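A short reminder: the numbers here are calculations on the coordinates, not readings from a lab. None of the values given here were measured: they were computed from a predicted structure. Here Cβ is always computed from backbone atoms with ideal geometry, including for glycine, and neighbour counts include all displayed protein chains.
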Amino acid sequence: MKIEVHSAARTLKVSLEKISLPKEMEYVQDLIDAVEEYEKTLGVIVYHQGKNLFFRSRSIEGDIDPHLGLIKKSIQEDRPQEELKVFGEFHIFSYAFPLKDRGGESIGAVTILQHTSFMEEDIRKAKKDVLIVLFVLIGGTVALILYTTRRWVTLPISHLMWGIKNMAGGDLNTRIDLKGKSELSELAQAFNQMALQLKEAQEKILQESEKKLELERSLRQSEKLATIGQLASGLAHEIGTPLNIIAGRTELAKRRLGENEETQKNLNIVLQQTERIIKIIQQLLGFVRKKKPEQKPLNIGALLENTLDFLDQQIQKQGVRVVKEMGDSLPPVTGDGDQLQQVFLNLLLNAIQSMPKGGELRLTAGPKWVSREGLEDGQRHYVEIRVKDTGAGMEKEVMENIFNPFFTTKEEDKGTGLGLTVSQGIVQDHEGWMEVESELGKGSVFRVYLPTMKG
């Protein structure tokens, strides 16, 4: 506050000592009014000793005698004077300083009156700021303590509790990673060792149980295969004769209808599909009898294109839009072309039938490195074939059973429930596997993984 008053005083002193004080009364009045405009200044009084004149700020009303004592003292002692006192309702700080002419003779004095309430307000603000800083420091200290406690005590205990709960739930692969040399870290290491020993014991028990249950599983599988075998044998016997008649009549029709390209094309398709039905029955029998697939290099892209050609008529009939995303340089796979074509035919046909009112069928094929449990080198190179539709989708319960023999969601006369069972067996015989994802109302995605020749 004093610095501000001294600064204003120096400015006034320089301005007032350079003018003829009694003559330029208007300038003096404007000058002290300008100083008064500063919100902390209560007023300014200028005293001319020779003429006994007083200039005051417009805000100073009433008697100015209480201020004359400090002014006269400043003139008498020829130095600035200051004091704190009460003026009206206000606590003020008064600062008086002498004025001299160019010859160095005293001509009067000036006093500046300053509100101390602003200083008190600044002190209150400073206290508030100190309290805020204090609270921030206390909050920061508490936060640091809480963080340290959580980092070194609460969190490790939480990890231990999490591991205990997981192990209690049967997850023996649970491991607790606590670094350091504290007691909690040693406890975590002991826990991990216990989990490892329990895991090894569990694996031994499972291996022994697996051996004991092997005969029972083999028996159940034999029963399933026997049922499928009976069905396949019956189909081969009952369908064989009608198929031969269809093939013979088709050949006869081809000879009689001449060179009509469209008709010849359709009849060729009928013959191809007739042969396909015969092969499918033979393959079903081969699946039951565990017939191993032929091992030939195959171009998956060409095989998929050929399979789509077989279904061209049904695709157009149901208004299905086919989107193909197959690379030009797919790596070859080793396998049986007829068997794999049966797999793709089954998947594509299922996708088309799931969209009776039309939709989009997206067929994608591309190479992919896959990590899977049981692979000796951890990773292997596969061709991933995806068949995605925008059909009705499947419920979770249906997805869990679609690969079981004779399970079907189709009408009784439109499906036997063997298509996906046979397809899965073929893919497994080719050292691959199948996956499915589906959501009601959004469609399904079937993925087939087949190892490439280079592995």
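Separation of region 250-272 and region 172-201, taken as the distance between their Cα centroids, equals 74 angstrom. Rg and Dmax over the alpha-carbon atoms of region 2-115 stand at 12.8, 41 Å.
What would the Debye equation give as log₁₀ I(q)/I(0) for region 132-182 at q = 0.27, 0.29, 0.30 Å⁻¹, counting only Cα atoms as equal point scatterers? Computed log10 I(q)/I(0) values: -0.96, -1.01, -1.04.
For region 90-220, what value does the Rg/Rh ratio take when both radii are computed over Cα atoms and Rh is the Kirkwood radius, given to two decimals?
Radius of gyration over Kirkwood radius for region 90-220 works out to 1.70.
Local charge for Leu271 was computed over the other residues whose Cβ lies under 12 Å away, with Lys and Arg +1 and Asp and Glu -1, and equals +2. Based on C-alpha pairs under 8 angstrom that are at least 6 apart in sequence, region 81-167 has a relative contact order of 17 percent.
For a label point 7 angstrom out from the Cα of Arg124 toward its Cβ, which stretches of region 87-117 have the backbone nitrogen within less than 11 Å? Residues passing the 11 Å test: 117. In terms of overall dimensions, the C-alpha atoms belonging to region 292-451 reach 44, 33, 27 Å along their principal axes, ordered largest to smallest.
Using C-alpha pairs below 8 Å separated by at least 6 residues, the relative contact order for region 2-115 is 27 percent.
The listed peptides 204-210, 299-305, ordered by packing as a protection proxy, come out as 299-305, 204-210 (highest mean of other Cβ atoms within 10 Å first).
Average 1/r across all pairs of distinct alpha carbons in region 56-142, invert it, and you get the Kirkwood radius: 15.8 Å. Peptide packing for 188-199, 125-136, 91-102, 359-370 was compared via the average number of neighbouring C-beta atoms within 10 Å per residue; ordered from the highest value, the list is 91-102, 359-370, 188-199, 125-136. Net charge in the neighbourhood of Arg362 (other residues with Cβ under 14 Å of its Cβ; Lys, Arg +1, Asp, Glu -1) is +1.
Remark: spin-label model distance Ser15-Met161 equals 7.3 nm, labels positioned 7 Å along the Cα→Cβ axis. Taking amide H as placed 1.01 Å from N in the peptide plane, His430 has no amide H partner under 5 Å among residues 5 or more places away or on another chain.
Ranking Asn52, Val5, Ile107 by Cα position along the charge dipole of region 2-115, where only Lys, Arg, Asp and Glu carry charges on their C-beta atoms, puts Ile107 farthest toward the positive end.
Remark: spin-label model distance Thr263-Val142 equals 9.5 nm, labels positioned 7 Å along the Cα→Cβ axis.
Using Cβ point charges alone (K and R +1, D and E -1), the dipole size of region 292-451 about the Cα centre works out to roughly 400 debye.
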